[in-house]
Amino acid sequence: MKKLYSTILIILISVSGFAQNSEIKKGDRYFASKAYMDAADAYEKVNDKDQEVLQNLGDAYFYTNQLVNATDVYKLLFLRHEATVQDEYKFRFAHALMGIDKTKEADKYFTEYYGKDFNFEKFRKELDTTVSHVYTTKQVMNNAASADFGIAYYGDKVVFASTRNQERPIYPWDKRPTLDLYTADVSGDKTLNEIVLFPGDINTDSHESSTTFSQDGMTMYFDRTNEKRVKDANDVKVAHIRIYRAEMVDGNWTNIQALPFTSDEYSTEHPSLSPDGSKLYFSSDMPGSKGSFDIYVVDVNSDGTFGTPQNLGAINTEKREQFPFISDENVLYFSSNGHQGFGNMDVFKTEGNFSEIKNLGTSVNSGSDDFAFVIKEDNDEGWFASNRRGTDNLYNFTRKDYTPPVVEIDDRETNLETGRQQLRGVGNIYFDFDKSTIKKESEVTLDKVVDIMKKYPTLEIEIGSHADARGSDKYNMALSERRAAATLEYLVEHGIERERLTSKGYGESMPLNDCTQPTGCSVEEYAKNRRSEFTIMN
């Protein structure tokens, strides 16, 4: 009898093991073909999930915007396998955490991934004092049944992409129909009416999205996914995206052709035509890109031919830069998950020579993907898309100039040495050489700061700390950061809310005298630069 029970147990274990291996293989097949929802279903049925299953399951949830599930799986992945997990998972885990508002935990993984300090609260507070506009946004349609994004202006109408056409093939990534283009009228309250399929032969069973039109309305550019699939670096067949051009002839869109610099081997997508029609901005992962996608620009010649695409360089990162839009004031808006932001894709802007970027701030960006931003600068209004409520939805906005509110206090004065706003009657505190310990004599000054901040409960302060010129630049930067942190902790311990304080180390970069070399000054002259300053931020 015992032998019979043993035999039955072995059979049951074997059957169970076979079933588990079958689900893993099924999940792997789905995952390789980017059928992430099916992959997640298969992997969830695996009882004993190894490292690879956890990695793929976390990614499957992440790529389908199921961020709560993604964080749960990534957390288990790092708990069990932290020593062998590749850094890329830290990046995705951090973004997933940002998406569910666990910013302090996200800071930890961003810091480990980039090898430098990430402090979201500090970033947010500094950004709140420097953004140029504040945006009032409103979701256009409460349509959870479809994904809608990518509005473009089309005369007095708009064109956008949507998965609402149930007659199209189902896309395995997210189990929705493939994208079609739609036109809509815009009412006075910015709702969309008379929504109909874009006319002519533009829409197919493949994805179509991301349109841009010439000023005269006679030429359009748009995205279409290739029917042909080619193997990527992982030997997986992928259908890339091409930009197409179409022309209006006798009231019909015709001459639909892929642009000459597009390819089956890489994607070109999200075109945006400059107002004069001379330049086309787009995103691509073509050879030579810094990251998974970069922003490019190409000349559109008067005869309809094109120049050579040029990478925009400084604004691109090793991650994703997509959805460029060039405004009528030559401001370039785009989305990125490679620059510090609020989590996942944020909207940024750049102008001039496109070397410096600015996050649009909390009134546009969220912890989810925010993208496909377009604007009429002269009207201070426009549109963007976000999946902050689970699926891609359209939002409209109006904007106005923003001036950070100033706390009216009597205890405010200008520091004549730095030009910055500081607390009246409160000077700097100073540190011993190579030390970051708060000195007993500094407590009198710090207690004055505490008293004033308690008197004005909305007042926010930056603690800027400095080092003298003795020591390496790197060492002095770290030393000044420790001094700033020690100063901040003193204020917190004495009753000031941490959220009202920002600490920043400046190293030896901002001396108050000419002591910029490690020798040549007196002890007293060097000591003047070993300081913490208190700057009013609002």
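Quick notes on this structure:
- Some residue of region 307-321 being in contact with a helix residue (DSSP H, G or I) (Cβ under 7 Å, 6 or more places away or on another chain) and either closer than 18 Å to HIS240 by Cα or of a type outside the set (Asp, Glu) (or both): yes
- Qualifying residue in region 121-138 (condition: out of contact with any His (no Cβ under 9 Å at 6 or more places or on another chain), open to solvent by 30 Å² or more (accessible area, probe 1.4 Å) and modelled with pLDDT of 95 or more): no
- Of the numbered criteria (1) outside any strand (DSSP E or B); (2) among the hydrophobic types (A, V, I, L, M, F, W, C); (3) open to solvent by less than 10 Å² (accessible area, probe 1.4 Å); (4) touching a helix residue (DSSP H, G or I) at 6+ places or on another chain (Cβ under 9 Å), the one PHE348 fails is (1).
- Checking each residue in region 291-308 for being assigned to a strand (DSSP E or B) and open to solvent by 60 Å² or more (accessible area, probe 1.4 Å) picks out only ASP299.
- Single residue of region 199-225 satisfying the filter (touching a Lys or Arg at 6+ places or on another chain (Cβ under 8 Å) and within 18 Å of ASP250 (Cβ to Cβ)) that is most open to solvent (accessible area, probe 1.4 Å): THR219
- From the list ALA94, ALA106, ALA83, the one residue that fits, being loosely packed, with under 14 Cβ neighbours inside 10 Å and either hydrophobic (A, V, I, L, M, F, W, C) or in contact with a strand residue (DSSP E or B) (Cβ under 7 Å, 6 or more places away or on another chain) (or both), is ALA83.
- ASN311 fulfils the conditions (1) farther than 26 Å from ASP189 by Cβ; (2) in contact (Cβ under 8 Å) with a residue 40 or more places away in the chain; (3) open to solvent by 40 Å² or more (accessible area, probe 1.4 Å) except for a single criterion, (2).
- Within region 351-377, the set of residues being more than 21 Å from SER292 (Cα to Cα), at pLDDT 95 or above and part of a loop (DSSP other than H, G, I, E, B) comprises LEU360, GLU377.
- Every residue from region 164-179 that is open to solvent by 60 Å² or more (accessible area, probe 1.4 Å), part of a loop (DSSP other than H, G, I, E, B) and either touching a Phe, Trp or Tyr at 6+ places or on another chain (Cβ under 8 Å) or of a type in the set (A, V, I, L, M, F, W, C) (or both): ARG164, TRP173
- Residues of region 180-191 that turn out to be in a strand (DSSP E or B) and under 12 Å from ASP156 (Cα atoms), as a count: 4
- When restricted to residues that are surrounded by fewer than 20 Cβ atoms within 10 Å (Cβ to Cβ) and touching a helix residue (DSSP H, G or I) at 6+ places or on another chain (Cβ under 6 Å), region 355-369 contains 2.
Residue by residue, here is whether (1) under 21 Å from VAL134 (Cα atoms); (2) open to solvent by 70 Å² or more (accessible area, probe 1.4 Å); (3) free of Cβ contacts under 8 Å to residues at least 12 places away in the same chain holds:
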| site | (1), (2), (3) |
| --- | --- |
| ASN387 | yes, no, no |
| ASP392 | no, no, no |
| ASN396 | yes, no, no |
| GLY425 | no, no, no |
| ILE438 | no, no, no |
| VAL444 | no, yes, yes |
| ASP447 | no, no, no |
| ILE452 | no, no, no |
| GLU481 | no, yes, no |
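- Among the residues making up region 409-423, those that are touching a residue at least 12 places away in the same chain (Cβ under 8 Å) and polar (S, T, N, Q) are ASN415, THR418, GLN421, GLN422.
- Among residues of region 281-315 being of a type in the set (Phe, Trp, Tyr) and within 21 Å of the chain's Cα centre (by Cα), the one that is farthest from PRO260 (Cα to Cα) is PHE293.
- Helices (runs of 4 or more DSSP H) (entirely within region 52-151) containing at least 3 residues that are free of Cβ contacts under 8 Å to residues at least 60 places away in the same chain and touching a helix residue (DSSP H, G or I) at 6+ places or on another chain (Cβ under 9 Å): 67-81, 87-99, 103-114
- If you check VAL186, VAL196 for being more than 17 Å from THR225 (Cβ to Cβ) and buried (at least 18 other Cβ atoms within 10 Å of the Cβ), only one passes: VAL186.
- Of the criteria (1) closer than 26 Å to ASP117 by Cα; (2) of a type in the set (D, E, K, R); (3) touching a Leu at 6+ places or on another chain (Cβ under 9 Å); (4) open to solvent by 30 Å² or more (accessible area, probe 1.4 Å), which one ARG531 fails: (4)
- Of all residues in region 355-384, those that are more than 15 Å from HIS339 (Cβ to Cβ) and basic (Lys, Arg) have Cβ atoms under 8 Å from Cβ atoms of residues that are open to solvent by 10 Å² or more (accessible area, probe 1.4 Å) and assigned to a strand (DSSP E or B), 6 or more apart or on another chain, in LYS376/TYR153.
- Applying the criterion of being among the charged types (D, E, K, R) and closer than 29 Å to ASP380 by Cβ to the residues of region 160-210, the residue that is modelled with the lowest pLDDT is ASP189.
The values are calculated or read from the model by the stated rules, or taken from the named source; none is laboratory data. All of these numbers come straight from a predicted model, not from anything done at the bench. Every residue, glycine as well, gets a Cβ built from its backbone with ideal geometry; the counts of neighbours run over all protein chains shown. Accessible surface is based on the protein model in full, side chains and every heavy atom, while ligands, DNA and RNA are left aside. Shrake-Rupley method; radii C 1.70, N 1.55, O 1.52, S 1.80 Å.
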